[in-house]
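Q: Dropping a structure here in structure tokens format, bear with me for questions.
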Amino acid sequence: MRRSESFEKEVGIVARVKLDITRRAFLKGGLATGGLAVMAPTASIGAVNGMLNAQDPWYREGAIETTYNVCDVCPWHCGIVVQTVNGVVRKIDGNPKDPKSRGMLCARGQGGVSFMYDPDRLQSPMIRTGERGSGQFREVTWEEALDYTAAALLDIKDKYGEESLAVFAHTSGDHWFADHFAQAWGTPNAAKPSSSLCLSPRDEAATLTYGSAVGGHEPVDWDGIQAMTLIGSHIGEDARNTVMQDFANAHARGAKVIVVDPRFSSVAAKADYWLPIKPGTDTALMLAWMNVLIAEDLYDKAYVAEWAEGFDDLAAHVAEFTPDWAAGITDLPAAQIRETAQVMGANLPRAAVIPGRHTVWYGNDSQRMRATYLVNTLLGAYGREGGMYFNKSAYLETYPHPPYTVAGSSGGCSAEPGEETAELPLGPTGKARADGVRESFMRGPTAMQELIDPMISGDPYPIKGLIAYGVNMLNSIPNPQKTIEALKALEFVVAIDVLPQEHIAWADVVLPEATYLERYEDLLTVSHRTPYIALREPAVDPLYDTKPGWWISRELGTRVGLDAFYKWENIEEYIDKRLISVGSNIEGLREEGGIITQNGKPYLEDFDGSSPFGTGSGKIQLYSQDLAEAGHEAMPVYEPVDEPPTGFFRLLYGRSPVHTFAKTQNTPVLHDIDPENEIWVNADAAEQLGVADGDYVMLENQDGARSGPVKVKATERIRRDAVYMVHGFGQNAPGLTNANGKGASDTKLQTRYKLDPISGGAGMRVNFVRLDKEGV
């Protein structure tokens with residue numbers, strides 16, 4: 001039983017739901033009221049809605065069944081309460097027990113029902129019949145599809161070795177493939193886009209500086225912060241539910257806001273200071289801020305003396321990087337650079353530069369993030385109220401299994417600090433990762449984009465098979481033209497997904513996954529100031545002939561001889577076994593409202609005098625000996641980036657508040673709100689080009705790659721040397737009725753990237769485009 005007996009017996013709620021409500025009105029109503037109308041049977045219909053009666057075509061009656069889950073529409077994973085009537089999901093609300101989201105949801109979370117009931121979903125296992133890339137398949141049974149897949153994987157293993165299989169995975173079930181299956185199988189070539197295509201520079205720089213990564217949830221002490229600095233962080237556009245709540249509250253009580261962005265973003269409109277910086281010069285700005293904080297004696301001397309080492313080196317290093325020096329690089333007034341540093345210093349330790357999430361920009365990103373952390377150290381922010389707190393991992397034992405064949409290095413949003421930077425993982429044949437770690441870059445999780453070339457060239461050894469779980473490969477990995485070349489070269493590709501995304505056409509086998517509302521998933525353990533464990537249970541049975549990811553992983557694993565790693569018969573047994581370690585079980589977690597919280601250690605005083613910093617000395621590393629010994633700069637330096645060619649603009653990109661990556665553009669309710677992206681162009685530059693607001697243009701990059709047509713947004717809110725677009729549009733996927741061919745794709749225009757030599761991150765803001773009105 002998924003709902004409590006007392007709930008049904010005592011309340012006996014009757015749900016009446018309007019089924020033909022428009023998608024836009026549905027979302028608007030859900031956001032405004034927090035739910036659709038529900039009432040007890042003794043209440044009058046008019047008390048809920050004067051127009052509602054039993055003769056209305058949308059009238060439904062039945063007991064509400066309540067289940068607990070975690071939203072999987074975006075990686076923020078807010079706790080949710082799902083309401084189902086007669087086997088149909090009718091409403092999703094935020095779980096008030098969630099320490100992060102506190103019972104609230106964003107538009108994307110409200111769109112989860114529409115995501116599940118998308119008529120374009122994959123509905124049955126399929127095996128390719130035409131040429132790879134043609135999208136021609138025949139429907140088969142699960143037994144045939146899994147047997148076929150297992151035989152293909154074992155054949156590749158016999159011919160080339162375990163490491164010849166790559167595993168790409170994303171979304172909440174990625175653990176079953178990129179971690180559990182890959183490590184049991186024995187391949188070191190498992191990767192998640194949330195590492196080298198997003199977080200790697202941020203977390204590797206933090207580990208080098210503080211001894212631990214930032215973690216999935218940014219540890220900003222929003223309740224007490226008095227001065228916050230956002231560098232390229234688009235709060236309100238990249239709609240992380242809790243961050244929007246926290247920012248709004250901090251702004252409402254008068255916290256100072258400094259926004260550094262070439263574009264006047266939504267959050268810039270709320271700022272006390274907007275710094276329209278020249279793209280690629282952020283490190284120069286932060287070096288100047290450090291110069292001011294030290295030269296004007298505005299830094300936290302006691303904190304630095306107790307918790308940091310290398311201050312004298314840093315002070316000497318930044319002495320020449322004055323605001324006047326930075327002004328000539330950043331296109332910002334020296335007075336504004338100085339004043340913003342003074343604002344931060346005046347509010348320390350309740351001041352911080354927010355680390356952000358997507359940090360793969362220009363290829364020098366680990367050093368840029370190091371500069372962020374050095375500014376925060378001078379402000380005395382880490383471990384202080386009003387600054388940055390320490391996340392603590394939730395305690396929960398793993399399900400017992402034999403030692404893995406290879407250590408994992410896939411990373412991801414929820415990777416534990418430092419887990420991907422230990423000894424270099426080796427496959428059973430003694431071969432290391434094929435991504436060039438230790439040669440092309442220093443450290444970090446497996447770099448997904450660096451596994452593409454070995455699929456084509458066979459260097460350093462062949463990669464011949466690929467499992468792609470939940471990764472929209474052709475709309476996330478830069479240079480998709482090369483990714484297609486790799487897909488052609490592979491001997492076997494299996495794709496596991498909910499929707500017929502663009503890369504599905506290149507698979508040999510397609511395995512349709514049930515959505516998060518239709519399946520149990522492994523328990524979510526969240527590192528936070530209040531660590532917690534969240535239940536993820538199905539609200540309804542899987543639609544069509546779809547299966548949960550855990551089931552697919554287990555069935556495939558047992559077919560390839562990995563039975564010892566899947567000793568549980570069903571997922572309920574697996575979850576109950578894990579919950580024993582915290583004195584609970586599935587039913588007990590339900591009775592707790594789906595979430596169990598634990599005690600955190602957010603501040604320095606919680607460590608009773610011991611150091612919370614995981615560096616060798618227990619001190620923050622202002623001067624990094626590790627970087628120096630590896631041949632890198634021990635302290636950040638400014639590195640110029642290439643200028644746009646004549647007639648071209650630097651291509652910047654970001655997120656939509658109602659879309660997640662390239663995942664939700666087809667979701668009916670979210671598509672209705674935001675059906676296509678736009679290209680932001682400075683109004684004066686647009687006029688010179690003869691392009692007007694609302695015109696459609698094609699975009700062409702420096703290598704001749706084209707995408708579009710896309711609508712022009714001519715605006716004064718962006719610099720003249722750059723254009724901006726929302727990521728995830730411009731998909732070439734005929735099976736996606738709503739998303740196919742809408743807008744332009746930033747990924748298809750990213751034919752180049754610059755590899756970060758420290759973290760392996762792919763800097764993608766090194767591409768340039770021109771607007772072609774005639775070619776539409």
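The values are calculated or read from the model by the stated rules, or taken from the named source; none is laboratory data. Small disclaimer: the values here were computed from a predicted structure and weren't measured. With ideal geometry, Cβ positions are generated from the backbone for all residues, glycine too; neighbour counts draw on all protein chains shown. Note: areas computed on protein heavy atoms with side chains; ligands, DNA, RNA excluded. Shrake-Rupley method; radii C 1.70, N 1.55, O 1.52, S 1.80 Å.
Q: Go through the stretch 169-185 and report how many residues are open to solvent by less than 10 Å² (accessible area, probe 1.4 Å) and modelled with pLDDT under 95.
A: Number satisfying all stated conditions: 1.
Q: Can you tell me which residue in the stretch 70-98 is most open to solvent (accessible area, probe 1.4 Å), limited to those that are among the hydrophobic types (A, V, I, L, M, F, W, C) and assigned to a strand (DSSP E or B)?
A: Filtering the stretch 70-98 for residues among the hydrophobic types (A, V, I, L, M, F, W, C) gives 70-71, 73-74, 76, 78, 80-82, 85, 88-89, 92.
Within this subset, residues satisfying the condition of being assigned to a strand (DSSP E or B) are 70, 80-82, 85, 88-89, 92.
Working: 70: 4, 80: 1, 81: 24, 82: 1, 85: 5, 88: 45, 89: 4, 92: 3 Å².
Looking at the filtered set, the residue picked out is 88.
Q: If you don't mind, there's one more thing I want to ask. Is it fair to say residue 497 is buried (at least 21 other Cβ atoms within 10 Å of the Cβ), touching a His at 6+ places or on another chain (Cβ under 9 Å) and modelled with pLDDT of 95 or more?
A: Details: buried (at least 21 other Cβ atoms within 10 Å of the Cβ): yes; touching a His at 6+ places or on another chain (Cβ under 9 Å): yes; modelled with pLDDT of 95 or more: yes.
Judged against the criteria, residue 497 is a match.
Q: Do we find that residue 101 is among the polar types (S, T, N, Q) and open to solvent by 10 Å² or more (accessible area, probe 1.4 Å) in this structure?
A: Numbers: among the polar types (S, T, N, Q): yes; open to solvent by 10 Å² or more (accessible area, probe 1.4 Å): no.
Spelling it out, it is not the case that residue 101 is among the polar types (S, T, N, Q) and open to solvent by 10 Å² or more (accessible area, probe 1.4 Å).
Q: So for the stretch 644-662 (the condition being without any contact (Cβ under 8 Å) to a residue 12 or more places away in the chain, of a type outside the set (Val, Ile, Thr) and either in a helix (DSSP H, G or I) or not assigned by TED's automatic domain parsing to the domain that holds residue 498 (or both)), does at least one residue qualify? Full working, then the answer.
A: So the first thing to find is which residues in the stretch 644-662 are without any contact (Cβ under 8 Å) to a residue 12 or more places away in the chain, and the list is 646.
So of that shortlist, the ones also of a type outside the set (Val, Ile, Thr) come out as none.
So far as the stretch 644-662 goes, no, none of its residues is without any contact (Cβ under 8 Å) to a residue 12 or more places away in the chain, of a type outside the set (Val, Ile, Thr) and either in a helix (DSSP H, G or I) or not assigned by TED's automatic domain parsing to the domain that holds residue 498 (or both).
Q: Next up: Confirm whether residue 674 is among the acidic types (Asp, Glu) and open to solvent by 10 Å² or more (accessible area, probe 1.4 Å).
A: Working: among the acidic types (Asp, Glu): yes; open to solvent by 10 Å² or more (accessible area, probe 1.4 Å): yes.
Taking the combined requirement at face value, the residue satisfies it.
Q: If you don't mind, another one. Collect the residues in the stretch 690-719 that are basic (Lys, Arg) and either open to solvent by less than 40 Å² (accessible area, probe 1.4 Å) or in contact (Cβ under 8 Å) with a residue 40 or more places away in the chain (or both), keeping them in residue-number order.
A: 706, 717, 719
Q: Taking into account only those residues within the stretch 569-595 that are of a type in the set (Lys, Arg) and open to solvent by less than 40 Å² (accessible area, probe 1.4 Å), which is farthest from the chain's Cα centre (by Cα)?
A: Taking the stretch 569-595 first, the residues of a type in the set (Lys, Arg) are 577-578, 590.
Restricting the remaining residues to those that are open to solvent by less than 40 Å² (accessible area, probe 1.4 Å) gives 578, 590.
On the way: 578: 26, 590: 28 Å.
Once the filter is applied, the top-ranked residue is 590.
Q: Does the stretch 221-236 include one or more residues that are among the aromatic types (Phe, Trp, Tyr), in contact (Cβ under 8 Å) with a residue 60 or more places away in the chain and not assigned by TED's automatic domain parsing to the domain that holds residue 437?
A: At the first step, the residues of the stretch 221-236 found to be among the aromatic types (Phe, Trp, Tyr) are 222.
From what's left, in contact (Cβ under 8 Å) with a residue 60 or more places away in the chain: none.
There is no residue in the stretch 221-236 that is among the aromatic types (Phe, Trp, Tyr), in contact (Cβ under 8 Å) with a residue 60 or more places away in the chain and not assigned by TED's automatic domain parsing to the domain that holds residue 437.
Q: State the number of residues belonging to the stretch 448-464 that are open to solvent by less than 20 Å² (accessible area, probe 1.4 Å) and touching a Leu at 6+ places or on another chain (Cβ under 8 Å).
A: Residues of the stretch 448-464 open to solvent by less than 20 Å² (accessible area, probe 1.4 Å): 448-449, 451-452, 454-455, 461, 463.
From what's left, touching a Leu at 6+ places or on another chain (Cβ under 8 Å): 448-449, 455, 463.
Here the count works out to 4.
Q: State the number of residues belonging to the stretch 598-618 that are surrounded by fewer than 17 Cβ atoms within 10 Å (Cβ to Cβ) and either of a type in the set (Val, Ile, Thr) or outside any loop (DSSP other than H, G, I, E, B) (or both). Reasoning before the result, please.
A: In the first step, residues of the stretch 598-618 are kept if they are surrounded by fewer than 17 Cβ atoms within 10 Å (Cβ to Cβ); the result is 599, 605-611, 614, 616-618.
Checking which are either of a type in the set (Val, Ile, Thr) or outside any loop (DSSP other than H, G, I, E, B) (or both) leaves us with 605-607.
The total comes to 3.
Q: Take residue 288 and tell me if it is part of a helix (DSSP H, G or I) and over 19 Å from residue 350 (Cβ atoms).
A: Values: part of a helix (DSSP H, G or I): yes; over 19 Å from residue 350 (Cβ atoms): yes.
For residue 288, the condition - part of a helix (DSSP H, G or I) and over 19 Å from residue 350 (Cβ atoms) - is met.
Q: Pairs needed: first member in the stretch 303-332, touching a residue at least 40 places away in the same chain (Cβ under 8 Å); second member anywhere, surrounded by fewer than 22 Cβ atoms within 10 Å (Cβ to Cβ) and of a type in the set (Lys, Arg); C-beta distance under 6 Å; at least 6 residues apart or different chains.
A: Correct list of pairs: 308/619; 309/619; 330/278; 331/278.
Q: Could I ask something else about it? Just to check your reading of the model, which residue among 152, 166, 213 is of a type in the set (A, V, I, L, M), in contact with a helix residue (DSSP H, G or I) (Cβ under 7 Å, 6 or more places away or on another chain) and either open to solvent by 10 Å² or more (accessible area, probe 1.4 Å) or not assigned by TED's automatic domain parsing to the domain that holds residue 450 (or both)?
A: On the way: 152 fails: in contact with a helix residue (DSSP H, G or I) (Cβ under 7 Å, 6 or more places away or on another chain); 166 fails: either open to solvent by 10 Å² or more (accessible area, probe 1.4 Å) or not assigned by TED's automatic domain parsing to the domain that holds residue 450 (or both).
It is 213.
Q: Taking the condition of being free of Cβ contacts under 8 Å to residues at least 12 places away in the same chain and open to solvent by less than 50 Å² (accessible area, probe 1.4 Å), how many residues in the stretch 619-640 meet it? Break it down stepwise before answering.
A: First pass over the stretch 619-640, keeping only residues free of Cβ contacts under 8 Å to residues at least 12 places away in the same chain: 625, 628-629, 631.
Within this subset, residues satisfying the condition of being open to solvent by less than 50 Å² (accessible area, probe 1.4 Å) are 628.
Number satisfying all stated conditions: 1.
Q: Taking the stretch 739-768 on its own, how many of its residues are among the polar types (S, T, N, Q) and open to solvent by 30 Å² or more (accessible area, probe 1.4 Å)?
A: Total meeting the criteria: 1.
Q: Restricting to the stretch 250-268, name every residue that is of a type in the set (A, V, I, L, M, F, W, C) and either more than 22 Å from residue 221 (Cα to Cα) or outside the structural domain of residue 315 (by TED's automatic domain parsing) (or both).
A: Passing the criteria: only 264.
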